[in-house]
Amino acid sequence: MELGREVLDQQVIDARGVAMGKVDGVVLELREGEPARVAGLVIGGTTLLWRIHAGLARWAERRLGGEGHVTRIPWHRVLKIGVDVKVDVEAEASPASHWERWVRDRIIGRIPGA
Amino acid sequence: MSKLLEIALGLVTGIGGFLEAGSLATSAQAGAEFGYQLIWAIALGAICIAFLVEMGGRLAAVSHHPLPDAMRERFGIRFFLVPLLAVALVSFLVLASEIGGVCLALQFTTGVAFRWWALPVAAALWLFLWKGTFGLVEQGASLLGLVTLSFAAGALKLHPALHQVGAALLPSLPTHDPAKYWFMAVSILGASVSPYLFYFYSAGAVEDEWDEGYLGINRAVAGLGMTFGGAVAVAVLVCAALVLHPRGIQVDRYEQVPLILTEPLGLWGFRLFAASLAVACFGAALEIALLLAYLVAQGFGWRWGENVRPRHAARFALVYSAALLLGGLVIVTGLDPLKLTIFSMALTALSLPVTVMPLLVLMNDPDYLGDRTNGWLSNAAVLCVSVLAAVVALVTIPLQIFGS
Amino acid sequence: MGVLRKVAVCLLFAACGRSATGTAERTRAELHSWEATRALLEQEAARGAVPAVFARQLRQAAEEERRKAAAQRERVSAR
């Protein structure tokens with residue numbers, strides 16, 4: 001499987017069919033004398049910034065005091081890879097929906113008719 | 001819905017959706033300054049956008065990916081950011097122009113200066129998106145957009161020499177002021193081949209859940225819709241060519257443009273002009289605001305959709321709300337809407353290679369299109385027009401800025 | 001290919017800069033354009049084809065632009 005083409009930057013769909021973000025990063029497990037193994041997916045936080053510009057990512061992590069709200073999904077929870085990546089996790093319960101919830105509760109939800 | 005009804009609806013969308021602040025302004029200016037001569041630019045633009053719209057629809061129907069989503073997947077985040085920012089910036093400027101267009105129509109009818117209408121208009125647009133569905137936006141805007149057919153009525157009433165109009169479908173060299181001629185040609189291309197049109201159409205195809213069965217409809221809608229739409233823009237040009245050009249009137253302020261319809265159609269011409277301007281720009285503004293939200297939400301994998309309640313796609317709703325507010329603020333500053341419109345059209349043309357290339361690459365990728373990848377004609381047509389437009393834009397924009 | 005060559009020639013032509021006579025000509029064309037606009041407006045207003053509220057706006061715009069073009073002409077001829 002070509003990780004770059006088939007996994008990275010793919011849309012992630014949670015157990016309920018809700019959009020959860022994009023695969024911003026892939027975690028590889030390096031093993032002695034054996035090919036690397038995919039340990040899991042990473043969504044959110046500063047992960048994406050590292051792929052755009054390392055300096056920018058370092059600055060962001062210094063400001064945030066960490067990686068931000070990152071969701072790590074272990075490989076065994078990835079159900080299917082096709083048009084999107086389906087995972088056996090609930091978006092609402094994970095850090096991936098932190099900003100969506102924040103905008104909903106603090107801004108959008110406060111406007112009548114939402 | 002029967003296939004014929006779908007095609008008819010698509011046709012209406014093409015007619016109603018083609019004309020907006022940009023094509024109105026550029027067609028009127030071109031007709032006033034150069035008579036029929038620049039009709040070929042409208043025709044070329046219409047052909048190019050027809051190809052692009054068809055591609056956007058085909059991509060959505062076959063791959064089930066909307067364009068921004070497919071772009072990030074295929075190119076990775078770094079190469080996705082470049083067209084994303086280009087399309088977003090250019091589209092935002094066009095959004096401000098459209099809001100300006102609605103405000104001008106209101107100024108013409110009420111006498112209250114356009115900048116005071118900016119925030120109320122932005123609020124009205126916002127309400128439409130907040131409470132409406134995708135179907136309402138798509139069909140409502142396009143049905144109302146049929147009022148732009150009044151330009152066709154005006155043009156016919158002015159009795160144009162049809163063989164001259166036909167002859168002007170072929171490119172010709174300017175008889176005077178070549179720098180202005182080519183700048184106008186480029187602005188017309190930018191007005192016709194707006195990225196937001198095919199990005200939005202692609203998102204729409206996904207919202208409407210198209211599949212491979214829709215490919216025939218897609219081709220019919222793209223081809224017929226853009227042809228009829230282009231014809232309306234030609235009608236605007238013809239009106240200007242027959243009313244303004246013989247009198248030596250150049251269009252330097254939007255206030256001059258209603259005259260092209262009052263001459264043939266009297267007071268009703270004025271009312272229809274104001275209505276056309278308002279409706280066409282309102283519809284375009286809705287589409288662009290939605291498009292900006294699709295771009296960001298789909299590019300970053302957020303929840304999105306115009307058919308869901310805002311709380312179920314909060315960041316998506318935030319993007320279109322912010323876009324409308326900022327667009328309104330641009331017009332509140334009192335910036336000349338005509339200058340803003342012409343400038344954003346030229347900028348659109350300049351950025352065409354960047355905004356079009358991702359779609360072109362995707363359309364030739366069997367991973368997304370299976371055996372429905374582009375034929376050589378689609379590729380050639382789009383590639384030629386984008387590169388040509390950008391090159392001419394690159395030369396004429398500085399000349400226009402430094403010449404005036 | 002022939003069209004491409006013609007386009008390149010035109011662009012070169014246009015790139016050869018603007019002269020003082022070019023500016024004077026443009027200013028003259030602008031003045032004429034606005035005078036003609038004013039004439040057409042009065043013609044339309046006389047037959048009731050434009051509402052008074054709009055006629056006022058166009059008259060004002062025409063006056064502003066005409067004044068700007070006249071001032072520009074003064075500057076050019078003073079050179």
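The values are calculated or read from the model by the stated rules, or taken from the named source; none is laboratory data. Quick caveat: nothing in here was measured; it's all calculated off a predicted structure. Note: ideal-geometry Cβ built from the backbone for every residue, glycine included; neighbour counts use all protein chains shown.
Among the residues making up segment B:125-139, a single one is surrounded by 15 or more Cβ atoms within 10 Å (Cβ to Cβ) and either without any contact (Cβ under 8 Å) to a residue 12 or more places away in the chain or within 14 Å of chain C (Cβ to nearest Cβ) (or both): B:136. As for segment B:235-257, it holds no residue that is of a type in the set (Val, Ile, Thr), in a helix (DSSP H, G or I) and in contact with a Lys or Arg (Cβ under 9 Å, 6 or more places away or on another chain). Flag: residue B:181 matches the condition of being in contact with a helix residue (DSSP H, G or I) (Cβ under 9 Å, 6 or more places away or on another chain) and under 18 Å from residue B:251 (Cβ atoms).
None of B:221, B:234 is at pLDDT 90 or above and crowded, with 20+ Cβ neighbours inside 10 Å except B:234.
Among the listed residues C:78, C:62, C:70, identify the single one that is over 12 Å from residue B:262 (Cβ atoms), of a type in the set (A, V, I, L, M, F, W, C), in contact (Cβ under 8 Å) with a residue 24 or more places away in the chain and away from every other protein chain (no Cβ under 11 Å). Only one candidate qualifies: C:70.
Residues that are in contact (Cβ under 8 Å) with a residue 40 or more places away in the chain, within 8 Å of chain C (Cβ to nearest Cβ) and more than 13 Å from residue B:35 (Cα to Cα) within segment B:172-185 comprise B:179, B:182, listed in sequence order.
Go through the residues of segment B:48-66 one by one and say whether even a single one is within 12 Å of chain A (Cβ to nearest Cβ) and free of Cβ contacts under 8 Å to residues at least 12 places away in the same chain. Scanning segment B:48-66 turns up no residue that is within 12 Å of chain A (Cβ to nearest Cβ) and free of Cβ contacts under 8 Å to residues at least 12 places away in the same chain.
Rundown of residues vs (1) surrounded by fewer than 20 Cβ atoms within 10 Å (Cβ to Cβ); (2) away from chain A (no Cβ under 14 Å), yes/no style:
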| residue | (1), (2) |
| --- | --- |
| B:291 | no, yes |
| B:312 | yes, no |
| B:343 | yes, yes |
| B:364 | yes, yes |
| B:393 | no, yes |
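Checked against the criterion of being more than 16 Å from residue B:311 (Cα to Cα), touching a residue at least 12 places away in the same chain (Cβ under 8 Å) and touching an Asp or Glu at 6+ places or on another chain (Cβ under 7 Å), the candidates A:89, A:78 yield just one match: A:89. Pairs are defined by a Cβ separation below 7 Å, a sequence spacing of at least 6 or placement on different chains, a first member in segment C:21-40 that is more than 7 Å from chain B (Cβ to nearest Cβ) and closer than 21 Å to residue C:60 by Cβ, and a second member that is polar (S, T, N, Q) and part of a helix (DSSP H, G or I); the pairs so defined are C:27/C:72. Taking segment A:8-40 as the range and being within 22 Å of residue A:92 (Cβ to Cβ) and of a type in the set (A, V, I, L, M, F, W, C) as the test, the residues that pass are A:12, A:13, A:15, A:18, A:19, A:20, A:23.
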